[in-house]
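Data block below; observations after.
Just so it is clear, none of the values below were taken in a lab; they were calculated from the coordinates. A quick note: this is a predicted structure, and the numbers were derived from the prediction, not measured. A quick note on method: Cβ atoms are made from the backbone with ideal geometry, for glycine too, and the neighbour counts reach across all protein chains shown.
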């Protein structure tokens, strides 16, 4: 009797997702290395940039929620970016308990460059989906709700 419900590893959604994640993550880390950002730091700055493009100054809680990241990992990344003069933390204008985040001028120069590199990786890997790319994204959104 086998411990597996599948005949081959190719039939395992989890295994295939793990392989894809590793392939993508390795390439992302390689393109971020020259920018001297960790992946978490990049996603944090890109998230802040997205809020700022919407005309909003996000709170730490808003960025953390958007990223779906552990509070300790988030706090560590914010401190590192603050130390590198990439992110500013300020007392929120609307909530005395909250701190808002914004990108520095330096980050506004570096983040778009890194974004182009990340988008190239995404296109290389997920471009293989062709017309199914939007469907794949909808599936990811559905799975990330849980």
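Expressed as an acute angle from 0 to 90° and rounded to the nearest 10, what is the orientation of the C-alpha long axis of helix 71-83 relative to the principal long axis of the chain?
50
Relative contact order of segment 33-145: what whole-number percent is it, with Cα pairs under 8 angstrom and at least 6 residues apart? Present the calculation step by step, with values, prior to reporting the outcome.
Values: 88 pairs, mean separation 27.5, N = 113.
Relative contact order for segment 33-145 comes out at 24 percent.
Above 20 angstrom, tally the Cα pairs of segment 33-145 and express them as a % of all pairs, no decimals. Don't skip to the end; give the middle numbers.
Values: 2983 of 6328 pairs.
For segment 33-145, the fraction of Cα-Cα distances above 20 Å is 47 percent.
May I ask you to work out the translational diffusion coefficient for segment 70-135 at 10 °C, viscosity 1.306 mPa s, via Stokes-Einstein with Rh from the Kirkwood sum over Cα pairs, reported in whole µm²/s? Before the final figure, lay out the partial values.
Values: Rh = 14.5 Å.
It diffuses with D of about 109 µm²/s by this estimate.
Against the longest alpha carbon principal axis of the chain, how many degrees, from 0 to 90 and to the nearest 10, is the axis of helix 133-145 turned?
Once rounded, one gets 70 degrees.
Tell me the angle of helix 13-32 to the major Cα principal axis of the chain, expressed in degrees between 0 and 90 and rounded to the nearest ten.
Around 40 degrees separate the two axes.
What is the distance, in nm, between label points placed 7 Å from the Cα along the Cα-to-Cβ direction at residue 67 and at residue 19?
3.1
Subtracting the Cα-Cα distance from 0.36 nm times the residue separation, let me have the gained length for residue 144 to residue 5 in nm, one decimal.
On the way: separation 139, 0.36 × 139 = 50.04 nm, distance 2.45 nm.
In short, 47.6 nm is gained.
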